[in-house]
Amino acid sequence: MKTVLVTGSARGIGSACILKFASLGYNVVIHYLTHQKEATLLKEKVEKNYSVKVMCIKADLREEKEVQAMIEAIEQTLGSISVLVNNAAFCLDTLYEEKTKENFMKTLEVNVVGTFLLSRRVADRMFDEKSGVIINITSTNGIDTYYPMCLDYDASKAALISLTHNLAMQYAPYVRVNAVAPGFIATENEMQELDKEYIELESEKIFVRRIGTPEEVANVASFLASTEASYINNTVIRVDGGHYS
């Protein structure tokens, strides 16, 4: 049975990915840093509804030792990781004038450096075993959607796209590396922080006239991990309903 590790998977898109992969028969690893309660509840939900093995593990992806310890724990319990979904991300929306070096560096460390550290460790093993898939959850913010209040997040997501291309080249031909770029998705954070008027206004910019769901992103991620996507590599797939800025 294959094993998938989804980082930052206690809530939102990550949680939807865990449930989708579990429904397809994958053993799943729920990773979190701060949302232990949500991660535990998700673990219980998987155990109740699916006949798969599930791990719940805490790690700070900025710390190489913690990344190493997490991977070793997973391999000892579930064996090699077949699919890695790099979903964990940090975002602190502030006015441009309030941006600080400290928060900018934290954004890059979590979203880019952490992804690199984890991907290298996992992909090296995948390459040796001549099989594996890495899926990076980036964002349309890293392509052509611009908001100065989250320019640090946008920069990190653009860097993640570049990282995707380089990893695909580095680990060819055995490891496929792709990215999924969600647009406006109705995660818990988005729905809590944004008012109804803003959501309606932004929805008018989307061709399908609505915001997306975490499950719709998870569907694309699971497809990219499947054998049906065996000839898809080194690409970025937008999941944004068709959007204009």
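Just so it is clear, none of the values below were taken in a lab; they were calculated from the coordinates. Fair warning: this is a prediction, and the values are worked out from it, not measured in the lab. FYI the Cβ positions are ideal-geometry reconstructions off the backbone, even for glycines, and counts take in every protein chain you see.
Here are the numbers for this structure:
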{"item": "Residue-by-residue Karplus 3J(HN,Hα) for the stretch 49-64, coefficients 6.51, -1.76, 1.60, Hz, glycine and proline x", "result": "9, 9, 8, 9, 7, 9, 10, 10, 9, 9, 6, 8, 5, 7, 9, 4"}
{"item": "Table column - 3J(HN,Hα) (Hz), the stretch 201-213, Karplus curve with 6.51, -1.76, 1.60, x for Gly and Pro", "result": "5, 5, 4, 5, 8, 9, 4, 8, 6, 7, 8, x, 10"}
{"item": "Rounded tilt (10° steps) of 214-225 against the dominant C-alpha axis of the chain", "result": "40"}
{"item": "In Hz, Karplus ³J(HN,Hα) per residue of the stretch 75-80 (6.51, -1.76, 1.60; θ = phi - 60°; x = Gly, Pro)", "result": "5, 5, 8, 10, x, 5"}
{"item": "Placed amide H near Val180: partners under 5 Å, 5+ positions off or other chain", "result": "Asn136, Ile137, Thr138, Ile237"}
{"item": "Label point at Tyr96 placed 7 Å out along Cα→Cβ; residues across the stretch 135-154 whose backbone nitrogen lies under 20 Å", "result": "141-154"}
{"item": "Entries in Lys58/Lys196; Lys43/Lys106; Lys48/Lys106; Lys20/Lys157; Lys45/Lys157; Lys37/Lys130 that, when Cα-Cα distance is taken, lie over 32 Å", "result": "Lys58/Lys196; Lys48/Lys106; Lys37/Lys130"}
{"item": "Radius of gyration and maximum dimension Dmax of the chain, Cα, Å", "result": "17.2, 52"}
{"item": "Fewest-first ranking of Met1, Met126, using other Cβ atoms within 10 Å as the exposure measure", "result": "Met1, Met126"}
{"item": "Within-15-Å neighbourhood charge of Ala22 [Cβ basis; K, R +1; D, E -1]", "result": "+3"}
{"item": "Cut-off under 5 Å, modelled amide H: who pairs with Lys2 long-range", "result": "Asn27"}
{"item": "The stretch 7-47: C-alpha gyration tensor shape, a/c 1.5 cut-off, then a/b vs b/c", "result": "prolate"}
{"item": "Long-range amide H partners of Ile30 with built H, under 5 Å", "result": "Met55, Cys56, Ile57"}
{"item": "Whole-number percent relative contact order across the stretch 58-213, with pairs defined as alpha carbons under 8 Å at least 6 apart", "result": "23"}
{"item": "Packing-based exposure ordering (other Cβ within 10 Å, fewest first) of Thr40, Thr34", "result": "Thr34, Thr40"}
